[in-house]
Amino acid sequence: MQLKDNVIINSKVGQGFEKYLQGIVREWMQVLTLLCIVLIPFFLLLDYYTQPPELHLRFAIYRGATTFLVIIEYLLIRFTRPNSYYPLHGYIISAMISLMIVLMTVDLGGFNSSYYAGLMLVLMAVNILLSWRPIHSVVNGLVVLALYLGFNAFENLPFDPRILVNNLFFLGSTIIITAAISWVRFKLVRSEYLLRDELVCANINLDESRGDVLRARDALWGEMQLAKMIQTALLPQANHIGQYEVAALMVPTDSVGGDYYDIIDAPNGKKWVGIGDVSGHGIESGLIMMMAQTAIQAIVQQDAILCPSKILHEANRVIKENIARLGTDRYMTMVLFQLEEDYLLAAGKHMDVMVYRAKEKKVEVIPTNGSWLGIVDDLGSVLKDNRIPMSTGDIVLLYTDGITEARSQTEDLFGEERLIRLLESNARLPLRQLGTEIFSAVAEFEKDQSDDMTLLLLKKS
């Protein structure tokens, strides 16, 4: 099968080269005929100055008739397509001009005439200009030589054998040299074609590869958009939960982000809010984020009443096992809040919690304690529940490090201080508008977003 394929490929290459060669021969044939149309009459000047006056008219007739026939050949070549018979035009042109020169040598004394040198010009012009196969140069040379010997031998004029040997020596040498040049030129033309063919095939393969890449990119982009749609659909849309007003905003760096937040109104009556951040960003982090969300959702839906630290302890086992299955070294920060009427019960390690105290009109910063998820198997001894008192009008600001670690053109960090000032100065705004103001300030500050950004606001009503 492989041999058959190679034969087919070689056959196609051979056919393509033949057409390519025919096109080159046709172009150079036109050049050759135009040169002949110009030079054949031009040599009348040489005839006038070097030949006997009684031969001028005869030589003019020879040249005029030959020029007329070459013009016909030019028109035939000019208005026909390249084909496998094109070498015949070269033979015809060469034979017509050679016959003209041979007739002149007969009129000038046969083999003793020096006009035979014109035959060498014909051999060089035809065999070197035409990029045909070397065999054609050899055959063409032998045809010219046969015309020279045949016509002069037929006239049987007296001649010096030494002159004939001299003439044949130079004509034979010209045939050999021009045939060698044709062979080298033919090899170069063939090599040029093969390189050109390889380049064309490479461009075709490149175009096909580019098409495959574009299709793969479009497919991947479609999958990324689907993943983004799934992730967006899984994010909660609630504005209230229990005694609290809620507003959340998320802007991932890639189509799919690694930031996590959730608002859960469990069937057992418990209210939960969580926020976290998977290390890195992109599709892998987004996948781990959705795993964490699913694990938390499943655990808090249980009938058993669990505190935040116990829920995170259980979720950590699931998250760590899933990260190991992915063969990655990601981890996740998370803090989980259980919402009660007058306080929040919090556990987990994440960014500091900012609480705007409505009475004091000041922000209280509460550090989070514990450990990241997905690193060790048992977090039972590390996680502790922390009670955060809440009064009417108090606002809890939860965020991921994409906000505080946003960098300006001068590489300055946005930092917690700017965030605190923004919260204090805009606390009287509606909750969602407050979140929008914070995001706008970060976007204005940051030169290019380098990490996922998430903001979660809780306000005690």
Name the aspartates and glutamates eligible as straight-distance cross-link partners of Lys270: C-alpha to C-alpha under 20 Å, and not fewer than 8 places from it in the same chain. Glu245, Asp262, Asp303, Glu314, Glu340, Glu341, Asp342, Asp385
Under 17 Å from the Cα of Lys187 - lysines, other chains or at least 8 residues apart: Lys19
Note on the chain: contact order normalised by length, alpha-carbon pairs under 8 Å, 6 or more apart, percent, works out to 12
Rounding to the nearest 10 and keeping the result within 0 to 90°, find how far the Cα-based axis of helix 56-78 lies from the longest principal axis of the chain. 30
So how do 196-207, 145-156 stack up, highest first, on mean other-Cβ count within 10 Å? 145-156, 196-207
Given Lys271/Lys361; Lys361/Lys460; Lys361/Lys459, the pairs whose alpha carbons are separated by over 21 Å: Lys271/Lys361
Normalised by the residues of segment 322-461, what does the relative contact order come to in percent, with Cα pairs under 8 Å and at least six apart? 24
Excluding ligands and nucleic acids, what accessible area in Å² is computed for Phe43 using a 1.4 Å probe, to the nearest 10? 70
Rounded accessible area per residue of the chain, 1.4 Å, Å²: 52
Quote the relative contact order of segment 381-461 in percent (integer), defining contacts as alpha-carbon pairs under 8 Å separated by 6+ residues. 48
Among the lysines, select those whose C-alpha is under 24 Å from the C-alpha of Lys320, and discard any that sit fewer than 8 residues away in the same chain. Lys228, Lys310, Lys349, Lys384
What residues qualify as long-range amide H neighbours of Leu344, i.e. H under 5 Å apart, gap of 5 or more or another chain, H built at 1.01 Å from N? Ile388, Met390
Taking Cα atoms, the helix 134-155 axis meets the longest principal axis of the chain at an angle in degrees (rounded to 10) of 10
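The values are calculated or read from the model by the stated rules, or taken from the named source; none is laboratory data. Since the structure is predicted, the reported quantities are computational estimates derived from the model, not experimental observations. Here the Cβ is made from the backbone with ideal geometry for all residues, glycine too, and neighbour counts use every protein chain on show. Surface areas here come from the heavy atoms of the whole protein model, side chains and all, with no ligands, DNA or RNA. Shrake-Rupley method; radii C 1.70, N 1.55, O 1.52, S 1.80 Å.
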